[in-house]
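Taking it in order: structure first as structure tokens, then the write-up.
The values are calculated or read from the model by the stated rules, or taken from the named source; none is laboratory data. Predicted, not measured: the structure shown is a model, and the values here were computed from it. Every residue, glycine among them, receives a Cβ derived from its backbone with ideal geometry; neighbour counts consider all protein chains shown. What goes into the accessible areas is simple: the full protein's heavy atoms, side chains included, and nothing from ligands, DNA or RNA. Shrake-Rupley method; radii C 1.70, N 1.55, O 1.52, S 1.80 Å.
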Amino acid sequence: MSQSTGEFIALNIAVMTVSDRHDASTDTSGDYLREAATEAGHQVVDHLIVPDNRYRIRATVSRWIASDDVQVVIVNGGTGFNAKNSTPEALLPLFDREIDGFGELFRMVSYEDIGSATLQSRAVAGMANQTLIFAVPGSTNGCRSAWERIIKEQLDARTRPCHFVSHLKKL
């Protein structure tokens with residue numbers, strides 16, 4: 001458990017749900033991430049549901065990376081091992097720097113819940129244009145594990161010994 005000291009800094013977050021079957025009325029994972037980010041004190045500045053198409057995912061995330069208003073992007077869905085899942089392929093070319101430890105840590109945390117099935121998780125994270133990007137599974141439980149056990153702390157400037165806030169574009 002990391003120590004927290006100092007002052008909280010609210011961040012601007014965009015949330016994308018990658019799904020061919022969900023809409024606004026059934027997007028429980030996106031709803032969870034938006035509510036959790038808001039409850040933590042951040043602003044959700046955009047949210048979309050995008051089909052599992054690497055070019056549509058990439059185009060939307062590219063727009064957010066280029067925006068002066070978005071500091072963090074959280075993508076849920078499309079990270080499984082199914083041939084249709086294309087979120088990692090959409091995002092990896094955009095990264096200036098991959099955060100290898102995120103996928104490793106997510107799978108470690110996930111193992112406690114789903115055992116060896118975590119091998120099929122292709123959760124990834126990276127930085128692009130001083131924008132932090134996380135890609136997590138589309139299940140609400142997967143989103144909750146990622147947010148509560150990893151992302152929330154790393155988006156809090158009070159977290160010691162380190163966090164990602166100091167690496168993000170200034171608004």
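Considering segment 28-80 alone, what residues qualify as being among the acidic types (Asp, Glu) and in contact with a Phe, Trp or Tyr (Cβ under 8 Å, 6 or more places away or on another chain)?
Asp46
Taken over segment 115-132, the criterion of being under 18 Å from Glu104 (Cα atoms) and surrounded by fewer than 16 Cβ atoms within 10 Å (Cβ to Cβ) is satisfied by Gly115, Ser116, Ala117, Leu119, Gln120. Taking segment 16-45 as the range and being more than 25 Å from Ala83 (Cβ to Cβ), touching a strand residue (DSSP E or B) at 6+ places or on another chain (Cβ under 8 Å) and at pLDDT 95 or above as the test, the residues that pass are Leu33, Arg34, Ala37, Thr38, His42, Gln43, Val44, Val45. Show the residue pairs that are 6+ apart or on different chains and have beta-carbon atoms under 9 Å apart, the first residue being within segment 153-168 and more than 11 Å from Ile9 (Cβ to Cβ) and of a type outside the set (Ser, Thr, Tyr), the second being open to solvent by 60 Å² or more (accessible area, probe 1.4 Å) and in a loop (DSSP other than H, G, I, E, B). Close Cβ pairs (under 9 Å, with a partner that is open to solvent by 60 Å² or more (accessible area, probe 1.4 Å) and in a loop (DSSP other than H, G, I, E, B)) amount to Glu153/Met1; Gln154/Cys162; Arg160/Thr5; Arg160/Gly6; His167/Gln130.
Scanning segment 133-152 for residues that are over 13 Å from Gly30 (Cβ atoms) and open to solvent by 60 Å² or more (accessible area, probe 1.4 Å) yields Asn141, Glu148, Arg149, Lys152.
Within segment 153-164, work out how many residues are open to solvent by 10 Å² or more (accessible area, probe 1.4 Å) and part of a strand (DSSP E or B). Of the residues in that region, 1 qualify.
Taken as a whole, the structure leaves Glu112 outside the set of residues that are under 28 Å from Phe81 (Cα atoms), touching a residue at least 24 places away in the same chain (Cβ under 8 Å) and part of a helix (DSSP H, G or I).
With respect to the conditions (1) of a type in the set (A, V, I, L, M, F, W, C); (2) in contact with a Leu (Cβ under 6 Å, 6 or more places away or on another chain); (3) free of Cβ contacts under 8 Å to residues at least 40 places away in the same chain, Val72 lacks only one, and its number is (3). Note on segment 99-114: among residues that are open to solvent by 10 Å² or more (accessible area, probe 1.4 Å) and of a type in the set (Val, Ile, Thr), the one that is nearest to Arg54 (Cα to Cα) is Ile99. A search for C-beta distances below 6 Å between a residue of segment 136-150 that is within 13 Å of Arg107 (Cα to Cα) and of a type in the set (A, V, I, L, M) and any residue that is open to solvent by 60 Å² or more (accessible area, probe 1.4 Å) and assigned to a helix (DSSP H, G or I), counting only pairs 6+ apart in sequence or on different chains, returns Ile150/Leu105.
Within segment 112-137, if we keep just the residues that are in contact with a helix residue (DSSP H, G or I) (Cβ under 6 Å, 6 or more places away or on another chain) and modelled with pLDDT under 95, the residue that is farthest from Thr38 (Cα to Cα) turns out to be Thr118.
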